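Visitor: Below is one structure. I have some questions about it.
The values are calculated or read from the model by the stated rules, or taken from the named source; none is laboratory data. Computed from a predicted structure; not experimentally measured. Cβ: placed from backbone, ideal geometry, glycine included. Neighbour counts: every protein chain shown.
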Amino acid sequence: MQLQNTTKDQLRAIVARIERLEEEKAALAADLRKVYAEGQDPSQWDVIRSAAEEVGLDADEMQREVANETYRAAVEDRVRWAYQIGVTGVPTYAINNRYAIVGAQPYEVFKDVLEQIEKQEQAPDE
């Protein structure tokens with residue numbers, strides 16, 4: 001019984017995280033709009049700074065951190081990990097390091113996948 005409650009709590013936490021990711025996805029849509037709809041060049045600092053400001057980041061701080069390569073090692077580690085688990089598209093959402101949802105998907109897809117995972121974890125071993 002406690003295992004089921006733990007699983008349900010974990011799934012609730014995952015659903016809450018997905019809801020936050022949906023908010024982040026909306027913010028990223030502004031960035032994508034700049035590049036793909038408006039034809040702006042994402043290699044230009046003014047475009048990157050503007051996108052950062054649109055999502056509430058401090059553009060000066062962001063530029064300093066990029067210039068100082070603050071997150072370079074972390075990004076390289078994540079890229080290596082993505083290759084190791086077979087990521088073939090962006091975005092890819094890894095769940096419990098066992099399941100993946102590839103591509104921009106609506107909330108319902110995440111909810112359905114999480115419900116299937118819950119059913120699998122509750123099923124007796126055969």
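Visitor: Out of Arg33, Arg64, Arg72, Arg98, report the one residue that is modelled with pLDDT under 85 and either over 28 Å from Leu11 (Cβ atoms) or surrounded by 14 or more Cβ atoms within 10 Å (Cβ to Cβ) (or both).
Guide: Numbers: Arg64 fails: modelled with pLDDT under 85; Arg72 fails: modelled with pLDDT under 85; Arg98 fails: either over 28 Å from Leu11 (Cβ atoms) or surrounded by 14 or more Cβ atoms within 10 Å (Cβ to Cβ) (or both).
On inspection, the qualifying residue turns out to be Arg33.
Visitor: Within region 89-100, identify whether any single residue is in contact with a Ser or Thr (Cβ under 8 Å, 6 or more places away or on another chain) and free of Cβ contacts under 8 Å to residues at least 24 places away in the same chain, and answer yes or no.
Guide: We begin by selecting, within region 89-100, every residue in contact with a Ser or Thr (Cβ under 8 Å, 6 or more places away or on another chain); these are 100.
From the residues that got through so far, the ones that are free of Cβ contacts under 8 Å to residues at least 24 places away in the same chain too are 100.
Yes, because at least one residue in region 89-100 is in contact with a Ser or Thr (Cβ under 8 Å, 6 or more places away or on another chain) and free of Cβ contacts under 8 Å to residues at least 24 places away in the same chain.
Visitor: Across region 74-126, what is the number of residues that are more than 17 Å from Glu24 (Cβ to Cβ) and in a strand (DSSP E or B)?
Guide: So the answer is 3.
Visitor: If a residue must be part of a helix (DSSP H, G or I) and without any contact (Cβ under 8 Å) to a residue 60 or more places away in the chain, how many such residues does region 20-59 contain?
Guide: Adding up the residues that qualify gives 26.
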